[in-house]
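Student: Before we start, here is the structure in question, set down as structure tokens.
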Protein chains: 2
Amino acid sequence: MKFTNKNIYAVIMAGGTGTRFWPLSRESSPKQMLRIVGEDTMIRQTIKRLHNFLPLENISIVTNEKQAFDLNLHLAELKKGKNHLKIIAEPIGRNTAAAIGLAAVHLKKVDKDSIMIVLPADHVIADEKAFIEAVKKAVGCADSDYLVTLGIKPSKPETGYGYIKAGVRGQGSGVRRVKKFTEKPDKETAEEYIKDGNYLWNSGIFVWKASAILDEMKKYMPLLYKGLIGIERWINTKGEKKAIEEAYSRLESISIDYGVLEKSKNVMVVPADIGWSDVGSWAALDGVLPRDAYGNIIKGNVVDIESRDSIVLSDKRLVATIGLKDMIVVDTSDATLVCQKHRAQDVKKIVDELRKRKREEHLFHQTIERPWGSYTVLESGNRYKIKRLVIKSGARLSLQLHRHRSEHWVVVSGTARVTKGTEIYDVHPNESTYIPVSTKHRLENPGKVLLQIIEVQNGEYLGEDDIERIEDDYRR
Amino acid sequence: MKFTNKNIYAVIMAGGTGTRFWPLSRESSPKQMLRIVGEDTMIRQTIKRLHNFLPLENISIVTNEKQAFDLNLHLAELKKGKNHLKIIAEPIGRNTAAAIGLAAVHLKKVDKDSIMIVLPADHVIADEKAFIEAVKKAVGCADSDYLVTLGIKPSKPETGYGYIKAGVRGQGSGVRRVKKFTEKPDKETAEEYIKDGNYLWNSGIFVWKASAILDEMKKYMPLLYKGLIGIERWINTKGEKKAIEEAYSRLESISIDYGVLEKSKNVMVVPADIGWSDVGSWAALDGVLPRDAYGNIIKGNVVDIESRDSIVLSDKRLVATIGLKDMIVVDTSDATLVCQKHRAQDVKKIVDELRKRKREEHLFHQTIERPWGSYTVLESGNRYKIKRLVIKSGARLSLQLHRHRSEHWVVVSGTARVTKGTEIYDVHPNESTYIPVSTKHRLENPGKVLLQIIEVQNGEYLGEDDIERIEDDYRR
């Protein structure tokens, strides 16, 4: 199903600090990059869902600069060719009002009649057809300059979501005026909301004209508006990056809900029953993944005896569980979480603690994605580090040198083309080569299959930052 | 404190299948080899406790042939010199009556008046002084041809132990006649025992003359006796091993308690208050290790938030726990256990399941001890395996070859002396060498510091059994 209007755009909000799904999420791989529900990552599922009715070039992602690097890598396939996905990078996070405003300024510059669908990168929407229907309805309403939100028909008195009180029927079938936004309620209030029947969950999915949201920002957040509109003339010019940086250093950090929606008189809601969940914590998996006869969600290398109502996820290592009740166990190669289900929100306290102790288990995984493939740290010891490198067919690392370490490479599969000083030669499986300290070198996979290399580093300093790049296909 | 009698010997029963303390215990490192309580392994602590009053050459260990290899390695320091510890290997396990009988036959051959102290390798005894006092008392009684057991004064109505009902006072101060042995009682019965005041825990520590126990075996287990006595003339001859094997193939598998002690009229008990625990499961740690203010035992790389009455042990990897209550979490490099405390006995069901699935996590750890040092498997992949080898100063591996794999060696510390075919050469840190398939080779540490090597194996088959040993310092 394609939309008939050509001026519809989607803006995916991709932020996240990777705390609530630790240890699976890390700072470098927040929730949107995880495969928690379904086969693909949440952000790729979000894009695919939109790509059902929008061309790729009408989809953009707003993120911060730090995550833009990883997202570019993660979405490389979708960024190829002429009409590709766009990534808009904020220099620093300034909450949703600024991010949406920045996207609106971009879209208005491209097309003054742009209608933008704003949605988070990391929510689950089980019923795609209903989602498209709801968006279509919202687009019709947004076309008349309303700010439109999708309001989810609540299935239970959830205390973890904000609610929208819907008023009289608005224009279009089923669209209703918003009477008020509420904070997350307590249990009792949530039960009243359900009984009342006019309350909907605030999904964070919005549809409006770029011009309409900017007009309302002008009214309710004049400083933010002024900052953003100053960027407008630099969009798609050399000065864009600098202009955004300057503006952002002064922008307010306020949510779109608080800054605009709760104040505006023009807000409508489309009640929607689309199988939505924001999957806010490990405990939320119960609502979005199938449970076995004992109420468990068990995945991966797990041997369980008589657990109930528990979530046990393992990556490669063996996890054995006995008699768990309402527990969460999540295992990754370098860290394991064991948590009572009702304490799932406290996972962020663990991450805080790791930050305080200057640990690394909250920052990145043992396997790190790179434009050319990935590497996995197998062991770090005194004056040595062992990595497995996987290099994609046709890819190559930068021409580089290290001041403090030498590297032994043993090829275990594929063929390596090695540049070492002025020599270039191929290394085959079960062959090895050696790169002395301070020697220019490059590793390339000229073949058709994955190249896998075991690298043994020796040296007094083995930090990733001991690298001088002389030439790089990825302009790092 | 030395004993005045010269004819006192200790026999340590070292069996165990490594199930109850999985994943820390494995088939190749059962409980007696673990450092659960105190700095040293349980069996070394048991030996030290005896060595306080017995010379090493009066201490022997009865174990099965499979474990004898690992124990010889583990106790290598105590087996040096002339007057060393003895290890008696049973060809197959035949329960305690056979093991004790075999030791008795050995001791009677050496010294017909031998008094033997029989005790398990893997129990905790906190009060060494009281232990020695109790043993002394028992020796006095055993000298008059009684079979003597140590009976532990019960501190609570434990249902996990067998009880001994003590009768009238026997000879020597405090020694009492045994009225009966009981099975593990239910809670109610255990409480009655405590109230009664005449019941003691059966510790599995026995003292008797070798001749006395053999006499009682002759009476109550004539077949076992006949089998054992047939071995006697072969002891300390070339035919010993064969004689034992032949006898064992026909021996009954019965415990000493059931086979002799419950029937004999000559059994006495020394009531002892020695801080004893058999540490029968992870849950038993609560009784033998200090708990923090919240009732937790937390060791290693753990970040905990508000857990109570739980046991959390980690080796190297990070374990994060939130709000646990009465839980056990044990992490090792290749497997993690998460278990409700009152289900600790069911850990053996996990091991059964692993056995059934033909897994390896119940057999051995990632790091495996060898006479020359140790190796750690860092990663196994398709057609490759990566190990870190640690070779002790002065030690060398066997002269060997592999039919299916080649090996790349990178030295990361120390100096390697490498034999490769007919060449012998040294490899230094940050240097590497290569051993082709089917090439005779040997690795030696000629230096004064540990030699560490990263080994990358390549080949179609990478099993440990692809090894032909041409020459071996350890006669494997």
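Student: Just from its helices, what would the mean residue ellipticity at 222 nm be for chain A, if runs of 4 or more DSSP H residues each count -39500 (n - 2.57) and the sum is divided by every residue, rounded to the nearest 500 deg cm²/dmol?
Tutor: Estimated from H runs of four or more residues: -6500 deg cm²/dmol.
Student: I've got another one for you. Please report the antiparallel percentage of DSSP beta bridges with both residues in the protein assembly as shown, rounded to the nearest 5.
Tutor: Counting only bridges with both partners in the protein assembly as shown, antiparallel ones make up about 65 percent.
Student: OK, next. Dividing the convex hull volume of the alpha carbon atoms of the range B:367-471 by its residue count, what do you get in Å³ per residue? Could the numbers behind the result be given before it?
Tutor: On the way: hull volume 9.3 nm³, N = 105.
Taking only Cα atoms, the range B:367-471 has a hull volume of 88 Å³ per residue.
Student: So what J values fall out for the range A:451-462 if you push phi through Karplus, 6.51 cos²θ - 1.76 cosθ + 1.60 with θ = phi - 60°, rounded to Hz, Gly and Pro as x?
Tutor: 9, 10, 10, 9, 10, 10, 8, 10, x, 7, 9, 10
Student: Can I ask one more? Using θ = phi - 60° and the Karplus curve 6.51 cos²θ - 1.76 cosθ + 1.60, what whole-Hz ³J(HN,Hα) does each residue of the range B:375-387 get, with Gly and Pro shown as x?
Tutor: Rounded to whole hertz, the list is 9, 10, 7, 8, 6, 10, x, 5, 6, 9, 8, 10, 10.
Student: Quick one: if the Förster radius is 41 Å, what FRET efficiency do residue A:83 and residue A:356 give, using the C-beta to C-beta distance and rounding to 0.05? Present the calculation step by step, with values, prior to reporting the outcome.
Tutor: Details: r = 46 Å, r/R0 = 1.12.
Using R0 = 41 Å, I get an efficiency of 0.35.
Student: Roughly how many whole Å is it from the C-alpha centroid of the range B:324-379 to that of the range A:414-470?
Tutor: 37
Student: Mind checking which lysines have their C-alpha under 16 Å from residue A:387, skipping anything on the same chain fewer than 8 residues away?
Tutor: Within reach: B:385, B:387.
Student: Could you give the nm distance between label points at residue A:66 and residue B:273, where each point is 7 Å from its Cα heading toward the beta carbon?
Tutor: About 6.1 nm separates the two model spin labels.
Student: Could you point to the residue in B:371, A:110, B:259 farthest towards the positive end of the protein assembly as shown's charge dipole, with +1 and -1 charges on the Cβ of Lys/Arg and Asp/Glu respectively?
Tutor: Looking along the dipole axis, the top candidate is B:371.
Student: Okay, next question. Any idea what the residue A:308 label distances to the other copies are, label 7 Å down the Cα→Cβ vector, nm, shortest first?
Tutor: Nearest to farthest, the other copies are at 2.1 nm.
Student: Output the pairs from A:129/A:299; A:184/A:348; B:31/B:226; B:165/B:341; A:392/A:420; B:31/B:341 with a Cα-Cα distance over 23 Å in this structure; if there are none, say none. Please list the in-between numbers first.
Tutor: Working: A:129/A:299 28 Å; A:184/A:348 19 Å; B:31/B:226 33 Å; B:165/B:341 30 Å; A:392/A:420 20 Å; B:31/B:341 18 Å.
A:129/A:299; B:31/B:226; B:165/B:341, as the Cα separations exceed 23 Å there.
Student: Right, next: Sort out for me the Cα centre separation of the range B:113-189 from the range B:32-65, rounded to whole Å.
Tutor: 20
Student: To the nearest µm²/s, what D does Stokes-Einstein give for the range A:220-286 at 37 °C and 0.692 mPa s, using the Kirkwood radius over alpha carbon pairs as Rh?
Tutor: In µm²/s, the coefficient rounds to 214.
Student: For the range B:236-385, with only Lys/Arg (+1) and Asp/Glu (-1) charged at the beta-carbon, what is the dipole magnitude about the Cα centre, in debye rounded to 20? Can you show the working numbers first?
Tutor: On the way: 24 positive and 24 negative charges, 132 e Å.
It comes to approximately 640 debye.
Student: Under a cut-off of 17 Å between alpha-carbon atoms, report the aspartates and glutamates in cross-link reach of residue A:153, not counting same-chain residues fewer than 8 places apart.
Tutor: Once the sequence-local aspartates and glutamates are set aside, what remains near residue A:153 is A:127, A:128, A:133, A:183, A:191, A:192, A:196, A:273, A:278.
Student: For Cα pairs less than 8 Å apart in space and 6+ apart in sequence, what is the mean separation divided by the residue count of chain B, i.e. the relative contact order in percent?
Tutor: On the way: 1023 pairs, mean separation 63.5, N = 476.
RCO, chain B: 13 percent.
Student: Quick check on chain A: of the DSSP beta bridges with both residues there, what percent are antiparallel, nearest 5%? List each step's numbers first, then the result.
Tutor: On the way: 72 of 105 bridges.
Approximately 70 percent, going by the DSSP bridge assignments.
Student: Let me have the relative contact order for the range B:367-471, percent, based on Cα pairs under 8 Å that are six or more residues apart.
Tutor: Working: 278 pairs, mean separation 38.2, N = 105.
Relative contact order here is 36 percent.
Student: Which FRET efficiency value, to the nearest 0.05, is calculated for residue B:403 and residue A:376 with the Förster distance at 25 angstrom and r the Cβ-Cβ distance?
Tutor: On the way: r = 30 Å, r/R0 = 1.19.
Approximately 0.25, to the nearest 0.05.
Student: Under Stokes-Einstein, with the Kirkwood radius over Cα pairs standing in for Rh, what whole-number D in µm²/s applies to chain A at 4 °C and 1.567 mPa s? Walk me through the numbers before you get to the answer.
Tutor: On the way: Rh = 24.8 Å.
Approximately 52 µm²/s, per Stokes-Einstein.
Student: If you don't mind, another one. What's the Kirkwood radius of the range B:282-356 in Å, using all Cα pairs? Please list the in-between numbers first.
Tutor: On the way: mean 1/r = 0.0789 Å⁻¹.
Radius from the Kirkwood sum: 12.7 Å.
Student: With respect to the cross-link table entries A:109/A:242; A:137/A:265; A:86/A:241, which display a Cα-Cα separation exceeding 24 Å? Provide the component values of the computation, followed by the final result.
Tutor: Numbers: A:109/A:242 18 Å; A:137/A:265 19 Å; A:86/A:241 15 Å.
None, as every Cα separation is 24 Å or less.
Student: Past the 54 angstrom mark, what percentage of all C-alpha to C-alpha distances in the protein assembly as shown do you count?
Tutor: On the way: 150645 of 452676 pairs.
I get 33 percent for the Cα pairs in the protein assembly as shown exceeding 54 Å.
Student: Given the options B:100, B:228, B:11, identify the residue whose Cα lies farthest towards the positive end of the charge dipole of the range B:8-277 (+1 on Cβ of Lys, Arg; -1 on Cβ of Asp, Glu).
Tutor: B:228
Student: Suppose a student asked you for the relative contact order of the range B:282-356, using Cα pairs under 8 Å spaced at least 6 residues apart; what percent would you report?
Tutor: Numbers: 130 pairs, mean separation 16.8, N = 75.
Relative contact order, the range B:282-356: 22 percent.
Student: Where both partners of a DSSP beta bridge lie in the range A:8-277, what percent of those bridges are antiparallel, to the nearest 5? It would help to have the intermediate numbers written out before the result.
Tutor: Working: 21 of 42 bridges.
That works out to approximately 50 percent antiparallel.
Student: Further question on the same structure: Excluding same-chain residues fewer than 8 positions from residue B:79, which aspartates and glutamates have a Cα within less than 14 Å of its Cα?
Tutor: Within the straight-line limit of under 14 Å, residue B:79 reaches these aspartates and glutamates: B:57, B:70.
Student: Follow-up question, since we're still on this one. Given a Förster radius of 45 Å and the C-beta distance between residue A:191 and residue B:184 as r, what FRET efficiency does 1/(1 + (r/R0)^6) yield to the nearest 0.05?
Tutor: Details: r = 51 Å, r/R0 = 1.14.
Once rounded, the FRET efficiency stands at 0.30.
Student: If the label for residue B:81 sits 7 angstrom from Cα along the Cα-to-Cβ line, what are its distances to the same label in every other copy, in nm to one decimal, shortest first?
Tutor: 8.1
Student: Can you list the copy-to-copy distances for residue B:112, using a point 7 angstrom from Cα toward Cβ, in nanometres, shortest first?
Tutor: Nearest to farthest, the other copies are at 12.1 nm.
Every read-out reported here was derived from the displayed coordinates using simple, explicitly stated rules and does not represent laboratory data. Every value quoted in this text rests on a predicted model; they were computed, and no experiment measured them. Glycine gets a Cβ as well: all are built from the backbone with ideal geometry, and neighbour counts include every protein chain shown.
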